[in-house]
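A.B. asks: Below are the structure tokens for one structure; questions will follow.
The values are calculated or read from the model by the stated rules, or taken from the named source; none is laboratory data. It should be emphasised that the depicted structure is a prediction, and the values quoted were computed from it without experimental measurement. So basically every Cβ, Gly included, is an ideal-geometry build from the backbone, and we count neighbours across all protein chains shown. We work out accessible area using only protein heavy atoms, side chains counted, and drop any ligands, DNA or RNA first. Shrake-Rupley method; radii C 1.70, N 1.55, O 1.52, S 1.80 Å.
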Amino acid sequence: MATSVCPPVLSYTTRTILSHTRCYTSRLHNGPYTLPQPFIHKKASRIAALRALDPLPFSAFLTDSYGRQHSYLRISLTEKCNLRCQYCMPEEGVSLTPKERLLSSEEIIRVAKLFISEGTDKIRLTGGEPMVRKDLTHIVESLSHLGVKQLGMTTNGLLLKRHLPELQRAGLTHLNVSLDTLIPQKFELITRRRGWERVMDGIEVALNLGYSPVKINCVVMRGKNEDELADFVELTRHKDIDVRFIEYMPFDGNKWVDRKMVSYSEMLENITQMYPDLMKVSDKTNDTSKAYKVPDFAGQIGFITSMSQNFCGTCNRLRITADGNLKVCLFGAAEVSLRDAIRNGCTDDELLEVVGAAVGRKKRQHAGMKNLAKLKNRPMILIGG
């Protein structure tokens with residue numbers, strides 16, 4: 001359950017102040033630390049003290065107690081979707097949050113501006129399906145004017161052909177398309193809806209508009225689509241596409257069992273049988289995908305190994321749900337309501353305190369593959385893909 005308050009300035013406990021002080025993060029595990037005298041002033045607020053630090057390499061409030069700097073924010077714009085993917089939404093559907101309890105466009109922009117001012121340089125808009133939100137273009141345009149370096153969107157692709165040109169003009173710089181099969185009939189089975197041809201048309205539009213690469217997210221499920229790995233690799237032969245194979249993950253209502261999960265090592269072995277010259281590509285520090293490429297192919301592939309080889313140690317991501325809750329871990333049940341804090345009259349400084357306290361409580365890593373399936377969490381559609 002999310003907590004929601006507009007707190008007074010937090011006390012100067014060792015854990016709290018050290019978890020948010022940029023220049024002293026490395027001392028977190030070495031016992032108590034006394035703040036220098038310039039910071040101990042009865043008239044100075046804690047935030048003013050933190051901002052007085054020079055230099056300021058990264059936000060104190062977005063740095064956790066393990067030194068991870070969270071420069072990537074994922075914002076879910078809606079809980080609605082025009083597909084019903086098996087791994088994302090329970091077959092019976094979900095109870096949607098009333099519209100008035102979702103973040104408004106103004107609240108989204110305010111929160112994003114605050115994060116950007118603290119060092120966030122990458123924002124991804126998710127859902128549900130973000131393109132079912134009527135004010136999406138306004139949100140994209142407003143966020144792009146805030147100076148964020150990367151502004152991306154994850155979509156199921158059904159509405160790309162119609163809306164992507166205007167979204168690109170508004171400032172959308174990066175694109176991920178969720179696509180789990182290259183067989184139209186199987187698409188209908190997995191998503192419980194039709195529309196495969198529209199998704200493929202949308203991908204072509206994205207390539208023609210110059211998105212480079214167009215990333216395709218493919219959740220691999222045993223008995224559903226693990227036989228299509230080579231076909232997805234073949235997509236990268238002539239097109240600037242980055243196919244990311246995602247290990248099937250447990251969320252409420254998706255009936256996850258470990259035998260349905262196809263591991264990174266198994267996928268890699270199957271692909272190298274077809275493409276023996278597949279080579280590893282260097283990954284950036286915070287990449288979630290382990291990148292590979294077939295020589296002379298235009299695109300590449302990757303593996304998101306959340307279950308078999310977690311990447312928690314380099315996690316730089318925070319999530320805001322459509323109803324305004326901050327989740328510091330995709331698999332964690334702990335949430336804090338930024339919506340309620342805003343509507344209770346929090347100033348930006350007070351809102352930062354809420355964010356900083358949540359980030360400071362982030363755990364070193366998730367509970368592990370065997371335990372995640374037993375833990376309570378939202379369905380994926382209510383978190384944001």
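A.B. asks: With only alpha-carbon pairs counted, each pair once and no self-pairs, how large is the Kirkwood hydrodynamic radius of segment 176-305 in angstroms? Can you show the working numbers first?
C.D. replies: On the way: mean 1/r = 0.0657 Å⁻¹.
Mean inverse Cα-Cα distance, inverted, gives 15.2 Å.
A.B. asks: What ratio of Cα Rg to 2.2 N^0.38 Å holds for segment 242-359?
C.D. replies: Working: Rg = 18.9 Å, N = 118, 2.2 N^0.38 = 13.5 Å.
My calculation over the Cα atoms of segment 242-359 gives 1.40.
A.B. asks: Going from most exposed to least, what order do Arg198, Arg364, Arg237, Arg317 have by accessible area with a 1.4 Å probe? Can you show the working numbers first?
C.D. replies: Values: Arg198 110, Arg364 140, Arg237 90, Arg317 30 Å².
Descending accessible area places them as Arg364, Arg198, Arg237, Arg317.
A.B. asks: At a 1.4 Å probe radius, which order do Arg244, Arg222 fall into by accessible area, largest first? Spell out each step's value before the answer.
C.D. replies: Numbers: Arg244 30, Arg222 90 Å².
Most to least solvent-accessible, the answer reads Arg222, Arg244.
A.B. asks: Between Ser104 and Ser212, what length in nm is gained on full extension when 0.36 nm per residue of separation is reduced by their alpha carbon distance?
C.D. replies: Details: separation 108, 0.36 × 108 = 38.88 nm, distance 3.08 nm.
In short, 35.8 nm is gained.
A.B. asks: For Lys362, what accessible area in Å² do you get when you roll a 1.4 Å probe over the heavy atoms of the protein chains, rounding to the nearest 10?
C.D. replies: Here the accessible area works out near 10 Å².
A.B. asks: For a 19 Å ceiling on Cα separation, which of these pairs sit above it: Lys122/Lys215; Lys149/Lys284; Lys80/Lys290? If you can, show how the numbers build up before the last one.
C.D. replies: Values: Lys122/Lys215 16 Å; Lys149/Lys284 16 Å; Lys80/Lys290 30 Å.
Beyond 19 Å between Cα atoms: Lys80/Lys290.
A.B. asks: Also, I was wondering about something else. Can you give the Rg to Rh ratio of segment 155-248, both from alpha-carbon atoms, with Rh computed by the Kirkwood formula? Working shown, then result.
C.D. replies: Details: Rg = 13.0 Å, Rh = 13.6 Å.
Radius of gyration over Kirkwood radius for segment 155-248 works out to 0.96.
A.B. asks: Can you give me the distance in nm between label points at Arg364 and Gln150, each placed 7 Å from the Cα along the Cα-to-Cβ direction?
C.D. replies: Distance between label points: 2.8 nm.
A.B. asks: Let me ask something additional. Please work out how much length the chain gains when fully extended from Arg259 to Asp349, using 0.36 nm per residue of separation minus the C-alpha to C-alpha distance, in nm with one decimal. Don't jump to the answer; show the numbers that get you there.
C.D. replies: Numbers: separation 90, 0.36 × 90 = 32.40 nm, distance 4.72 nm.
Separation in residues times 0.36 nm, less the Cα-Cα distance, equals 27.7 nm.
A.B. asks: For a distance above 15 Å, tell me the whole-number percent of Cα pairs in segment 69-130 that qualify. Don't skip to the end; give the middle numbers.
C.D. replies: On the way: 1105 of 1891 pairs.
Cα-Cα pairs of segment 69-130 separated by over 15 Å account for 58 percent.
A.B. asks: At q = 0.17, 0.25, 0.30 Å⁻¹, what base-10 log of I(q)/I(0) does the Debye formula yield for segment 96-140 when every alpha carbon is treated as an equal point scatterer in vacuo?
C.D. replies: -0.55, -1.06, -1.26
A.B. asks: How much of the calculated P(r) for segment 276-324 lies past 19 Å, in percent of all Cα pairs?
C.D. replies: Tail of P(r) above 19 Å: 41 percent of Cα pairs.
A.B. asks: How big is the convex hull of the Cα atoms of segment 55-178, per residue, in Å³?
C.D. replies: 130
A.B. asks: Right, next: Kindly state, to the nearest 0.05, the FRET efficiency for Asp283 paired with Thr97, given R0 = 45 Å and r defined as their beta-carbon distance. List each step's numbers first, then the result.
C.D. replies: On the way: r = 36 Å, r/R0 = 0.80.
That gives a FRET efficiency of 0.80.
A.B. asks: Starting from the 7 Å offset along Cα-to-Cβ, what nm value, one decimal, do you get for the label separation of Gln273 and Arg237?
C.D. replies: 2.0
A.B. asks: Same structure again: Return the distance in nm (one decimal) between the two label points of a simple spin-label model at Glu266 and Gln185, each offset 7 Å from Cα along Cα→Cβ.
C.D. replies: The two pseudo-label positions are separated by 2.4 nm.
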